[in-house]
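Asker: Before we start, here is the structure in question, set down as structure tokens.
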Amino acid sequence: MSQEILSTIKSPKDLKTLSNSQLKKLCKEIREQIIDTVSCNGGHLSPNLGVVELTVMLHYVFDCPDDSIVWDVGHQCYTHKMLTGRFDSINTIRTQGGLSGFPKRSESEYDAFNAGHSSTSISAAFGIAKAKQLLGEDSHTIAVIGDGSLTGGLAYEGLNNAGRFKKNFIVILNDNKMSISQNVGAMAKYLTSIRVKPGYLRAKNRMDNFLERIPLGDHIRNSLKRSKKRVKRIVYKDTLFDQLGYRYYGPVDGHDIDSLRNALQAAKTTKGPVLVHVQTKKGKGYQYAESDSASFHGIGQFDIDTGEPISSKTDFSTVFGEGLCKIAQEDERICAVTAAMRTGTGLYDFSRRFKDRFFDVGIAEEHAVTFSCGMATKGMIPVFAVYSTFLQRGYDQLLHDAAMQKLHMVVAVDRAGIVGEDGETHQGVFDVSMLNSIPNTTIFSPCYFDEMKQSLNTAIYGCDSLVAIRYPRGAETTRPADLEQSSMNYDIYGDRNAKKLLITYGRLFSNAVKAYEMLKKDGESICVLKLCKIKPIDKKAIEFAKGFEKIHFFEEGILAGGIGETFDYELTKIGYTGLYKVTAIEDRFIPHSKVADAIRNNHLDSQSMYDIMKND
């Protein structure tokens with residue numbers, strides 16, 4: 001793969017000498033590199049392919065890092081990274097010790113703000129712009145936000161506050177799905193093309209300067225402005241952004257270099273807040289991603305020639321979706337809710353089979369929770385499927401609207417635990433501590449597919465308040481043939497008469513079984529207690545644990561507020577005086593790497609369990 005131009009770009013300054021034909025060739029080379037890199041490392045393909053020209057022209061027109069570009073979500077930053085001195089390392093993206101798949105301030109001075117969750121860019125960029133004003137800095141600040149992220153309430157809070165700013169502040173709306181602002185007829189498009197041309201702005205500025213020097217100039221200028229606004233309202237039907245105080249430019253073809261240059265230069269020279277509406281196509285330049293941008297939004301390794309994933313095992317998300325459909329077929333109270341993650345959470349079939357009971361609320365987790373609570377007050381049983389990392393955004397609603405009212409809703413917590421290559425912004429290691437702090441809440445953490453189905457059925461028909469079922473990304477592990485199921489709440493494995501007890505839950509049980517087998521070969525005897533319902537903990541499980549001299553609890557989550565600490569407290573209440581230790585994630589964020597590497601680095605793998613149990 002030849003990267004004749006891309007390999008010469010060491011900083012954004014190198015772009016400014018390129019001709020139009022070279023810029024277009026550069027965009028082609030960037031797309032080839034993105035496709036090649038993601039096919040090997042996995043990552044966000046469609047979003048990155050869609051913003052190649054936009055990113056190139058942002059760096060062509062503006063002067064980073066003095067000018068600040070804040071990316072919303074940040075999963076579309078691969079081109080940005082390659083243009084800011086990181087092309088030689090792009091093959092390390094999302095690997096341990098390599099580049100992050102998201103903007104990261106500690107990685108480069110060109111990354112103005114860390115990202116990973118949506119709808120944050122406008123608020124963050126406005127904070128940067130305001131700080132620059134206070135510091136006397138005269139550089140530009142640009143927030144790049146997608147139409148999907150505009151469904152998040154934080155985006156509107158940012159838009160509302162920044163609309164009052166008197167200095168230049170630029171929002172780029174990357175519209176790759178829906179029409180945000182409807183234009184009327186060919187005249188509107190013509191006027192848009194005129195307004196964003198540099199000549200228009202130069203003429204406007206010359207007229208303003210002329211009017212300032214003549215008597216009654218202010219009166220004439222204000223009259224002209226009022227006339228222009230009246231004409232504009234007739235032709236444009238003022239957009240929401242106009243009403244919020246923004247000068248609106250668009251829509252602009254996000255894959256046309258000349259149009260982008262004109263629009264961005266116009267925005268750069270405009271006083272006050274500006275919104276540039278850019279229309280792009282997700283997956284641009286790769287036919288499989290263009291035709292199915294959702295599947296290629298975030299993807300693992302795949303074959304470039306066929307577009308097929310390298311691995312396609314049945315996973316927890318799929319089994320959850322199948323199980324929910326089966327229950328919904330018999331019970332018309334069952335509703336499914338998602339926050340723009342229909343496919344990722346396994347709800348695609350549900351959305352087709354039960355259209356009236358499926359609700360995609362967009363990227364609005366807080367709304368999803370309270371919306372579900374509203375349905376629950378009328379006897380419906382809402383099931384909100386959401387990634388663990390995004391559930392964090394709905395904490396207040398879970399506490400205040402669901403649990404406090406003791407409303408029956410089910411939260412299917414997908415991607416629970418370590419997720420790997422997406423890194424610290426996406427690790428699902430906080431949900432247990434978060435949910436564990438909420439009264440009137442039940443939490444299940446199954447290890448196998450059949451346990452997950454049983455937990456779902458119990459959550460729907462055996463609970464009367466807030467219930468969470470958490471499960472990891474990917475496939476199940478092999479169940480040991482001699483696993484003793486004591487109840488729906490916990491299982492016992494190994495030697496009941498041993499002196500040492502290993503306690504865990506979720507997928508870590510498979511590591512515990514391996515550690516048990518390794519110790520057994522050494523002549524060591526231990527027992528393993530696998531919790532399935534982790535809140536509230538079954539009192540019989542606590543009584544069982546009390547009989548062991550030494551207890552080690554392994555937890556794929558944050559130590560503070562976790563189940564390991566809760567179990568310790570419950571043991572203390574009934575007078576346990578033996579050795580008790582918890583191995584969990586201690587007060588830190590987990591960087592990107594493969595899941596297995598992250599688990600090993602946090603001493604939660606089978607070898608670490610073996611070492612800890614044997615040497616205690």
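Asker: Compute the normalised compactness of region 461-616: alpha-carbon radius of gyration over 2.2 N^0.38 Å, N being the residue count.
Answerer: Details: Rg = 15.2 Å, N = 156, 2.2 N^0.38 = 15.0 Å.
Dividing the Cα Rg of region 461-616 by 2.2 N^0.38 Å gives 1.01.
Asker: Treating only the Cβ of Lys, Arg, Asp and Glu as charged (+1, +1, -1, -1), what charge dipole size does region 272-405 show about its Cα centre? Round to the nearest 20 debye.
Answerer: Working: 13 positive and 17 negative charges, 51 e Å.
Once rounded to the nearest 20, the dipole reads 240 debye.
Asker: Ignoring ligands, DNA and RNA, what percent of the accessible area of the chain is carbon or sulfur (1.4 Å)? Please report the intermediate quantities before stating the final value.
Answerer: Working: 13340 of 26740 Å².
Here carbon and sulfur together make up 50 percent of the probe-accessible area.
Asker: Sticking with this one: Per residue, how much accessible area does region 565-616 show when a 1.4 Å probe rolls over the protein heavy atoms, in square angstrom?
Answerer: Details: 2870 Å² over 52 residues.
About 55 Å² of surface per residue is accessible.
Asker: Based on the Kirkwood radius over alpha-carbon pairs, what is the Stokes-Einstein translational diffusion coefficient of region 467-530 at 4 °C with 1.567 mPa s viscosity, in µm²/s?
Answerer: Details: Rh = 12.6 Å.
Estimated via Stokes-Einstein, D reaches 103 µm²/s.
Asker: Given only helices, namely DSSP H runs of n ≥ 4 each adding -39500 (n - 2.57), what is the per-residue ellipticity at 222 nm of the chain, to the nearest 500 deg cm²/dmol?
Answerer: Working: 23 runs with 241 residues, N = 616.
Rounded to the nearest 500, it is -11500 deg cm²/dmol.
Asker: What distance in nm separates the two pseudo spin-label positions at Ser21 and Ala475, each 7 Å out from Cα along the beta-carbon direction?
Answerer: Label-label distance for Ser21 and Ala475, simple model: 5.1 nm.
Asker: If we restrict to alpha carbons, what Rg and Dmax does region 261-316 come to, in Å?
Answerer: 18.3, 54
Asker: Please work out the average accessible area per residue across region 52-156, using the 1.4 Å probe convention, and give it in Å². Kindly include the intermediate steps, with their values, before the conclusion.
Answerer: Details: 3390 Å² over 105 residues.
With the other protein chains kept in place, region 52-156 gives 32 Å² per residue.
Asker: Sticking with this one: Tell me, what is the per residue accessible area of region 326-383 in Å², probe radius 1.4 Å?
Answerer: Numbers: 2840 Å² over 58 residues.
With all protein chains present, region 326-383 gives 49 Å² per residue.
Asker: So for each of 11-20, 592-601 I average, over its residues, the number of other beta carbons within 10 Å; can you give me the resulting order with the highest mean first?
Answerer: Working: 11-20: 13.4, 592-601: 18.4.
My ranking of the peptides, most packed first, is 592-601, 11-20.
Asker: Put +1 on the Cβ of every Lys and Arg and -1 on every Asp and Glu Cβ in region 512-558; which of Val513, His552, Ile537 then has its Cα farthest towards the positive end of the dipole?
Answerer: Ile537
Asker: By DSSP, what percent of the beta bridges with both residues in the chain are antiparallel, rounded to the nearest 5?
Answerer: Working: 12 of 71 bridges.
So the antiparallel bridges in the chain amount to around 15 percent.
Asker: Arrange the peptides 535-542, 500-507, 58-65 so that the one whose residues have, on average, the most other Cβ atoms within 10 Å appears first. Numbers along the way, then the final one.
Answerer: On the way: 535-542: 17.0, 500-507: 26.6, 58-65: 20.4.
Listed from highest to lowest mean packing, they are 500-507, 58-65, 535-542.
Asker: When only alpha-carbon atoms are used, what values of Rg and Dmax, in angstrom, describe the chain?
Answerer: Radius of gyration, then largest Cα-Cα span, for the chain: 27.6, 101 Å.
Asker: Sort the following peptides by mean Cβ neighbour count (other Cβ atoms within 10 Å, averaged over residues), highest first: 547-559, 295-307.
Answerer: My ranking of the peptides, most packed first, is 547-559, 295-307.
Asker: How much net charge surrounds Leu502 when only other residues with a Cβ under 10 Å from its Cβ are counted (Lys, Arg +1; Asp, Glu -1)?
Answerer: Details: positive: Lys500, Lys530, Lys550; negative: none.
Net of charged neighbours comes to +3.
The values are calculated or read from the model by the stated rules, or taken from the named source; none is laboratory data. Keep in mind the model is a prediction, meaning the values are calculated, not measured. Neighbour counts run over all protein chains shown; Cβ positions are idealised from the backbone, glycine included. Side chains included, ligands, DNA and RNA excluded: accessible areas come from the protein's heavy atoms. Shrake-Rupley method; radii C 1.70, N 1.55, O 1.52, S 1.80 Å.
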